[in-house]
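Peer 1: First, the structure itself, so that you have it in front of you.
Read-outs: derived from the displayed coordinates by stated rules, not from any lab. Everything quoted here is computed from the prediction, not taken from an experiment. Here the Cβ positions follow ideal geometry from the backbone for every residue, glycine too, while neighbour counts run over all protein chains shown.
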Amino acid sequence: MASVTGRERSFLDPAVVARIGSLELIARTIVEGFFAGLHRSPFKGFSVEFSEYRPYLPGDAPSTIDWKLFARSDRHYVKKFEQETNLECHLLLDVSASMGYASHAVSKLRFGVCLAAALAYLMHRQRDAVGLTLFDDHVVDSVPVGTRGGQFRALLAGLSRVSPGTRSDVQMPLHQLAARLTRRGLVVLISDLLDDPSGIIEGLKHLRFQGSEVLVLQTLDPAELTFPFDQPARFEDLETADVVPVVPAQVRAHYLDRMRSLSERYRRELRLAGVDYHQLDTATPFDTALRAYLSTRARRW
Amino acid sequence: MGLSFLVPAFLLGGLAALVPLVLHLRRRQRLPRLPFSDIRFLRGVPLEQARRRRLREWLLLALRVAALLLFALAFARPFLNDTDDAALASQPATVVLIDTSFSMSAPAQLAPTRALALEAIDTAPDGHLVGVVAFDTHTRVLAELGDRRAVRSAVAAVAPGARGTRYADGLAAAGAMIGARDGRIVVVTDLQAGGWDGGDGLVPPGVDVIVRDAGRPDGNLAIVAVESEPTETLAVLFRAGTVPDETTVSLWVDDELLADVAVTPEPGHTTVRLPVPLPEAGVAIVSVTDGVGYGVDDRRYRLLDPPEPTPVLIVVGGGVGADSDAARDTDAVFYLQRALAPGESPGPFLPQVVRAEAYGAPTNIELGPRPGAVVLAGGRGMGRRGRERLATFVREGGGLLVVGGNTADPGGLDSLFGGEPELGLGAPLTHPEPVGLMSQDPRHPIMRGLGGSAAALGQTRFSRTRPLRAGDGTVLARFSDGNPALVEHSVGAGRLLVFGADLGAGGSDFPRRATFVPFVHETLTYLSSNDTRPREFIVGDTPVGTVALTEAPGVVDAGDGRRVVVNVDPRESDPTAVTSEQFVASVGTLSQAAERQERDAARARESEQRLWRGLLMLMIVVLVAEGLLSRRMA
């Protein structure tokens, strides 16, 4: 596995990255920082600029031969991934109100935006066709899939307009997207998945049925995973504004148990559905998410 | 058992129990709002656990409230009332108050008195407890509050005595019997106006006073005073109302009739002259024939025996005659003895000389009867026992004259009363130019008794004195050099006089002056005045311990070898009455005294039970439980 040094890790730390104003710079910082740490990475072949040569084999197109290298080494080598993959990537980012929750400097939404930007940048570097859909209980904004020069900037523009929306309905965009897809592609869902799990799983299965690879990055706040509260309070639902008085000491075990059950359900059922599922918390460095993406992509293409 | 409180105001402290209650409720309402992504999983807490939590919270609250309430309860000093007492206390009462003074002793008064008392018992309102109290100058409970049939028999024991009337005492006793109840006092009396001389009548609030007039005689004759003149005897005859035109006044001495005079009594007081003087010894009785009025005031007793001389103990310093100082003290004693017993015939004082060592001896065989006063002419040689005896004598009301003589022991004298007062008797001062004695307080009984002789004190010449420290005492006389000469201190119930010079002829010419004897007499009269033993008493006023109690006029043995006479109160001989309305109008409400009495009883009961200790212990237990529970909940 790749190791990431401390300096490089700082560029992947959400708390550090979130302080950077430009979304493009964020994306570059994350991706470059990520790749700077992958000296022995198994994903190095995915670089579209230059990553690896292999000896020329019969059947390879002569145009793929690196003649400059031939001139220096008198051997025929082929750039393995120089050509476009022609992959369609769909980034689905949940912008519902619950994504606005933050127990520290980085909200789930900000984390998701940064992550989406980084993935978009990485996909763009690989010349993959990238599209973006922002949704809560309806599609808030979308950038169609494309590879044109301004696509990345269009994606960043869409992401920069993000603000917490209303209630979430995750299965709705999944079904809409599944109905719209005409070719196989990669769908990356960034959401806290705090919605009806049955509906979400159904939507993801729908995508899988359409032949798309699906990567689910469940983004949660550390407080949602550990419930560190100790003082009684009235907990207010960010989406419904419902209030419930809670004595944390009394509900902690029950809450964590329910959260574990939910995660376990997603993990179990999505694995059966062939969906890659990764749970991230907003204090986790971005490399985990990027590693998940690259792992998924490497497995399929 | 009923619960009452000694200091119920502290129960207001129980309002502090509202504090945790309010805090609890406010805290419930003022929980901070905390935004959270999804509260679905917070709602699913098992109901049972939440209920248990709520139950614990309420239990915790109850414990805190209980601790505060117990604290307030403990400070309110609770005590338990007997149920029976409480029940009785709530039951109204009627007290029949029967006058048994001798103004009720006329022939036709006893039967109506008993009849009125029985009627008052029988007509007491339903539900009333009934009690019977007799009064004159004293009160006697004849029947405690109870069933009316049980108290009727007490009326049969009612009989008038020879005492006077004091309504105030009777009403107070009846009011005390009623206590905090509602009720009424039925007074069966002759309504004698003089009965109010003892003070105003006060009854507890809520008590009505009803008067039943037992009637009075048409008239009365009484001998109210007997005086001796050199050639005759004067008797003061009192007449009230209608009496026979002529009566007889007689003089008897030791059962021998000396004179017999027919008198036409005038209304009010009449002086009757009996043509014989009173002899110098025996008991004289002056009587009047009275067929209509009270019987006990028809005779007046007079003790003719000469008064007993007052014993005066002269304590002289040790080693009499052994040295010059002691010899000078002996000189002072000589003059004192001569001043106190100047002639062959017995004077008003009976001096007795005792050495200081003997006074402090374990057995005081040499000491006679209790002295009226003690003169400490010299304290040297008096041991601790003697000093304690002397101090006790003074504190119990005796009189002591400390003479700053030659053997006076300043240190011993200062320790006599433990330094309070500090006599400050200093070393002798020799005056080349003799100093005189000047009265400082002419109104003091000693100086007032000296009369014109007080001015002559200035002619005395003292060549040797002792400085005195007045301290908190009163300077009665000073030497002409300004130093205190005679200082008075109060010690307990007794009197202490310190004279700053010798009373012998060695240091002054005072004993040879004409003012010496009056000075000594007035001083010792003043000092022994607490010990003056009266020889004539009024029925009912007879002091216990001095004279045997008697309920009838006559001659009685005082118990110490003396005989005294006891007469009736002359004021009681006047049957003049007030009206029932005037009587009732004279009765006030005794709210403060009743409350005080009730408070005292409550305090005694609370002190006996001390429930507050148990409450505080319980509060500690509650606090411990609260601590454990809150810790568990945390």
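Peer 1: Quick one: B:Phe349, A:Phe70, fewest Cβ neighbours within 10 Å first, how do they rank?
Peer 2: A:Phe70, B:Phe349
Peer 1: If you average the C-alpha positions of segment B:235-276 and of segment B:374-430 separately, how far apart do those two centres end up, in angstrom?
Peer 2: Centre-to-centre distance over Cα atoms comes out at 55 Å.
Peer 1: Rounded to the nearest 0.05, what FRET efficiency do A:Arg267 and B:Arg26 give with R0 = 56 Å and r taken as the Cβ-Cβ distance? Could you check?
Peer 2: For A:Arg267 and B:Arg26, the calculated efficiency is 0.80.
Peer 1: Counting pairwise Cα distances across chain B, what percent come out greater than 34 angstrom?
Peer 2: In whole percent, the long-distance tail amounts to 66.
Peer 1: Now a separate question. If segment B:213-278 were replaced by its equivalent ellipsoid, with semi-axes equal to the square roots of 5 times the Cα gyration tensor eigenvalues, what would those be, largest first, whole Å?
Peer 2: 25, 12, 11
Peer 1: Then there's this: Taking beta carbons within 10 Å but only from partner chains, what does the mean come to for residues A:249-261?
Peer 2: That works out to 4 on average.
Peer 1: Quick one: if the Förster radius is 60 Å, what FRET efficiency do B:His269 and B:Ala16 give, using the C-beta to C-beta distance and rounding to 0.05?
Peer 2: Computed FRET efficiency for B:His269 and B:Ala16 comes out at 0.25.
Peer 1: Relative to the longest principal axis of chain B, what angle (0 to 90°, nearest 10) does the C-alpha long axis of helix B:591-609 take?
Peer 2: Once rounded, one gets 70 degrees.
Peer 1: If each of B:Thr589 and B:Glu536 carries a label point 7 Å out from its Cα toward its Cβ, how far apart are those two points in nm?
Peer 2: Spacing of the two 7 Å Cα→Cβ label points: 4.5 nm.
Peer 1: Can you work out the FRET efficiency for the pair A:Glu32 and B:Leu629, with r the C-beta to C-beta distance and R0 = 45 Å, to the nearest 0.05?
Peer 2: It comes to 0.15.
Peer 1: Stokes-Einstein D for segment A:88-300 at 20 °C, 1.002 mPa s, Kirkwood Rh over Cα pairs, in µm²/s?
Peer 2: The calculation lands on 123 µm²/s.
Peer 1: How far apart, in nm, are the 7 Å Cα→Cβ label points at B:Glu227 and B:Thr576?
Peer 2: It works out to 2.1 nm between the two label points.
Peer 1: Listed highest first by mean packing, meaning other Cβ atoms within 10 Å per residue, what order do B:469-475, B:300-306 come in?
Peer 2: Top of the packing list down: B:300-306, B:469-475.
Peer 1: Rank these for me by crowding, B:Glu357, B:Glu256, A:Glu239, going from fewest to most other beta carbons within 10 Å.
Peer 2: Fewest-to-most Cβ neighbours within 10 Å comes out as B:Glu256, B:Glu357, A:Glu239.
Peer 1: Next up: Direction-averaged shadow area of the convex hull around the Cα atoms of segment B:310-531, nm²?
Peer 2: 11.0
Peer 1: Averaged over peptide A:218-229, how many Cβ atoms belonging to another chain are found within 10 Å of each residue's Cβ?
Peer 2: The shielding value for this peptide is 1.
Peer 1: Evaluate the Debye formula for the protein assembly as shown with equal point scatterers sitting on the alpha carbons, no solvent, and hand back log10 of I(q)/I(0) at q = 0.06, 0.09 Å⁻¹, in q order, two decimals.
Peer 2: These q points yield log10 I(q)/I(0) values of -0.70, -1.10.
Peer 1: Right, another one. Could you work out how far apart the two model spin labels at B:Ala493 and B:Arg338 are, taking each label as a point 7 Å from the Cα in the direction of the beta carbon, and quote it in nm?
Peer 2: Output for this residue pair reads 3.8 nm.
Peer 1: May I pose another question? Shielding by partners for A:189-195, please: the mean number of other protein chain Cβ atoms within 10 Å of each residue's Cβ.
Peer 2: Counting Cβ atoms of other protein chains within 10 Å of each residue's Cβ and averaging gives 1.
Peer 1: Please report the spacing between the Cα centers of segment B:450-509 and segment B:152-180 in Å, no decimals.
Peer 2: Measuring centre to centre over Cα atoms gives 53 Å.
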